[in-house]
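> I have a structure here, written as structure tokens, and I will follow up with some questions on it.
The values are calculated or read from the model by the stated rules, or taken from the named source; none is laboratory data. This one's a predicted model, so the numbers in the text were calculated from it and none came from an experiment. Every residue, glycine among them, receives a Cβ derived from its backbone with ideal geometry; neighbour counts consider all protein chains shown. Note: accessible area is taken over every heavy atom of the protein model, side chains too, but ligands, DNA and RNA are not part of it. Shrake-Rupley method; radii C 1.70, N 1.55, O 1.52, S 1.80 Å.
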Amino acid sequence: MAKIVESLKRLSVEHGARKHDNNRTIKRKSELISSIEEAVSLDHNYILAICGTQSDPEFRIGTALSNHTCVIYSVGENLNQTATLSHNQTPIVGIRFSPTSRNILYTATNNGEITACDLRAKGKVVARFKDITEDGKTKPLCSFDVSCDEKLIAGGTEHIGGDTFILFWDARYTSSKLGDKNNLLGGYWESHVEDVTSLAFHSSKQDVLASGSTDGLINVFDLTQPSEDSALTYSLNTESSVDRIGWLNDDNLWCTTHNSLQLWDYDGATPYAKFDRSNLVVSQSFQNADPDDYYIVRFHASNALGQPFLLAGASSVKGENLRCLNVVNDQLETCYNMIGNKQIVRDSWLHEKSGSLITVGEGGLINIWRTAETIPIQENSSHKLVAKIGTGKVRDRQHRTKPY
């Protein structure tokens, strides 16, 4: 694949696709109503993660529970449970639907294994991917992702034995086809020094991978290069512990740390937008809540609800508060209040066609949020934050001839 190229347009915090006009209207301080609420488990299990398919009109969601199971639902007019996967024996660290099939679900677990299950065959495991080393020790995973063409799987490990790894498997060659021989392609181990908490393949460039770590770095790799040293195209220092990362467009990334949202040009020396937890206080998005109770869930780069937004929550004496926040005049403001939230939210997923935002969390509940009627207001044409472009920083390190 060709090297990463310059985008024709820099991304603003409004996602760069919208032209601002004084006569345009936006939805602000509106409401999302929980149209469906479902308890996944009666045993008080947390729901740790959610993923879904963008199929229409009926789509699927998969949930990962703290008891190591996955529960699958079909979503249309109602929420219908279709399968429960119980093959995992250790904590689930990630869950993804196949980018090419709504019937294949990938899960990654802390014991270093990634499985693919076929929902047409009652969730049968049809492929396993793991690091089989000579001493029999596996590397504990804490993140994974699947490339857009579903040819490559990447897994990020914990910091173990002085090293941290990003491992790669060819998804077309499963362990069953190889007679249980090692189906690992290789890996990188020089670019991070602590747990790799998030991996994100580019949505259209199958050989471009971004990684985030508790060491504070976001790294961007060109996987066509022959060594890890040459593959590491950009290294961005968030100066915090990275929680989640994702792509905004060809050359922009979003990142949530454990106390901030950051937006980056991947050749920038600093983020062109950064909002700390204190910005939630300034915006008065969460009144009557202790700042220590604020938490960031996830950034959604889609325009399905009118504009990209940050989902954040806070606990207070009045209950669990949840908000969708967007950037206005260089600060965070509430664009949607979430009416009826009953839990601390751990993850969220957005079905773009229907505009359904789905949240899961520590109460074991699935909530499907949809828009209520809103009153349009004038949009200020100054609601734009221009990206600050800098020089990329890449750490010097000894050249290696092979990535693994």
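> Could you tell me whether any residue of the range 283-296 is under 20 Å from residue 198 (Cα atoms) and at pLDDT below 95?
yes
> Open to solvent by 50 Å² or more (accessible area, probe 1.4 Å), within 18 Å of residue 364 (Cα to Cα) and within 19 Å of the chain's Cα centre (by Cα): is that true of residue 91 in this structure?
yes
> Mind telling me which of the residues 306, 319 ends up being touching a strand residue (DSSP E or B) at 6+ places or on another chain (Cβ under 7 Å) and either more than 16 Å from residue 254 (Cα to Cα) or among the basic types (Lys, Arg) (or both)?
306
> Could I ask something else about it? Pairs needed: first member in the range 56-73, closer than 19 Å to residue 118 by Cβ and at pLDDT below 95; second member anywhere, assigned to a loop (DSSP other than H, G, I, E, B) and of a type outside the set (Asp, Glu); C-beta distance under 6 Å; at least 6 residues apart or different chains.
Matching pairs, first to second residue: 58/76.
> Right, something else. Here's a check for you: in the range 118-144, which residue that is in contact (Cβ under 8 Å) with a residue 40 or more places away in the chain and under 24 Å from residue 58 (Cα atoms) is least open to solvent (accessible area, probe 1.4 Å)?
Taking the candidates together, the pick is 123.
> Something else now. Here are the criteria: (1) in contact with an Asp or Glu (Cβ under 8 Å, 6 or more places away or on another chain); (2) under 16 Å from residue 35 (Cα atoms). Tell me which single one residue 353 does not satisfy.
Failed condition: (2).
> Can you find even one residue in the range 186-197 that is surrounded by fewer than 18 Cβ atoms within 10 Å (Cβ to Cβ) and of a type in the set (Val, Ile, Thr)?
Checked the range 186-197: at least one residue is surrounded by fewer than 18 Cβ atoms within 10 Å (Cβ to Cβ) and of a type in the set (Val, Ile, Thr).
> Here is a follow-up. For residues that are within 21 Å of residue 297 (Cα to Cα) and not β-branched (Val, Ile, Thr), scanning just the range 205-236, find the one that is surrounded by the fewest Cβ atoms within 10 Å (Cβ to Cβ).
Looking at the filtered set, the residue picked out is 216.
> What number of residues within the range 140-174 are touching a Pro at 6+ places or on another chain (Cβ under 7 Å), under 21 Å from residue 100 (Cβ atoms) and not in a loop (DSSP other than H, G, I, E, B)?
1
> Look at residue 35 and say whether it is in contact with a His (Cβ under 8 Å, 6 or more places away or on another chain), open to solvent by 30 Å² or more (accessible area, probe 1.4 Å) and either in contact (Cβ under 8 Å) with a residue 40 or more places away in the chain or more than 24 Å from residue 300 (Cα to Cα) (or both).
Taking the combined requirement at face value, the residue does not satisfy it.
> To continue, here is another question. Tell me which residues, restricted to the range 254-275, are part of a loop (DSSP other than H, G, I, E, B) and open to solvent by less than 20 Å² (accessible area, probe 1.4 Å).
Correct list: 266, 268, 272.
> With respect to residue 190, determine if the residue is of a type in the set (D, E, K, R), within 30 Å of residue 161 (Cα to Cα) and out of contact with any strand residue (DSSP E or B) (no Cβ under 7 Å at 6 or more places or on another chain).
yes
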